[in-house]
Structure formats: C-alpha cells, structure tokens
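First up is the structure itself, then whatever we jot down about it.
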Amino acid sequence: MLVRVLLLCLFTYQVQAELYRCTSANGKIQYTDQPCPESGASYQPKAVMTNYKTIKPFKIHSKKSSTRPKTQNQPCPFFSSTELRNLRVKGEFKKGLTTKDIEKRLGKADDIRHDNDKSIWQYHNKNVKRLFRFKHNCLTGWKEKWSKNVSKVNKMRESK
C-alpha cells in the first residue's frame, strides 16, 4: 500500500509541467511544454472571468415570539396558523385557544352555558363527548370521554 502511494506521488510530480507560448517567424502561435528556441520564458495564461449568476447569501430569520401583547379585546395568547394546524392534525387542544378556534375546528357546540365571564361548551357525538371551559373566551380546560368500544384508530379518524 505504501509503495502505491509513493508511486502515485512520483507520477503526479512528473505530470506537472510549464507551458510555453512560441511565435514562429511567419507569426503562427504554438503552445508547447518545451522551451521556445528564441526565448526561454514560460507562459502564464490569463484567468478567464465568466458571467456567473451570483447567489444572495442565505439569511436566517429569527423565530418571532408566539405571544402577542394582551389587550382588553384579545386576552388569549396568540397562536400562529402553523401552531393551530399542527394541533388540528395531531388531534390536540391547548390552553389559550379562543372560542373561535374551537368553533372553527369542531363546529357549533351542542350545548353552551354562560356564567358571567365563564362559559362551558359541550359537544356530543356517538363516540366522544367533549367539554370545554372558557374564561374571557380563552380555553382554560377540557375533558374528552370516549366510548369503550372505540379503537385508537377510530379516535383519530373521529377527531379530524
């Protein structure tokens, strides 16, 4: 193995050569690896510049905060559309979702009870019963009760 590496180095050393540009008496230009009879100066070709497209450097955007300042009209934390979509795909809920988010996802509730600034929404289905608690239109808690004869696969299908 060592012999092969040495031979490879030896052959690559011999491959390196200078380039000579020779002009004959009648003005013909010839390039060769042998020195010209008139002058022994070597020739260095000029670097060729091409019009390549330049690509702008990649910018890393910092992740924006997922919370929006609370106002009287929006006491709930802000959820981006990506976060809402991920929750929907996973069949999950998260504290702080608004009543509009729940209604958009599950439709109109079967039963709604109001008590001052609190409300309770109930959804009844043949496979699941859901109870959502809201305070100032923000989700504070929920319960899901699945019927006993529903498999996990059916639970996932039902929640979509």
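The values are calculated or read from the model by the stated rules, or taken from the named source; none is laboratory data. Everything quoted here is computed from the prediction, not taken from an experiment. In this analysis, Cβ positions are derived from the backbone assuming ideal geometry, glycine residues included, and neighbour counts consider all displayed protein chains. To get the accessible areas, we keep the full protein, side chains included, count just its heavy atoms, and leave off ligands, DNA and RNA. Shrake-Rupley method; radii C 1.70, N 1.55, O 1.52, S 1.80 Å.
For I102, I55, I29, the ranking by accessible surface with the largest value first comes to I55, I29, I102, using a 1.4 Å probe.
Counting Lys and Arg as +1 and Asp and Glu as -1, what is the net charge of the other residues whose Cβ lies under 9 Å from the Cβ of N137?
Numbers: positive: K100, K135; negative: D117.
Combined, the nearby Lys, Arg, Asp and Glu give +1.
For the peptides 137-144, 113-120, the ranking by mean Cβ contacts within 10 Å, running from highest to lowest, is 137-144, 113-120.
Computed over protein heavy atoms with a 1.4 angstrom probe, the accessible surface ordering of F79, F134, F58, largest first, is F58, F79, F134. Residue ranking by accessible heavy-atom surface, 1.4 Å probe, largest first, among W121, W146 comes out as W146, W121. Here Y31 sits with roughly 120 square angstrom of accessible surface, probe radius 1.4 Å.
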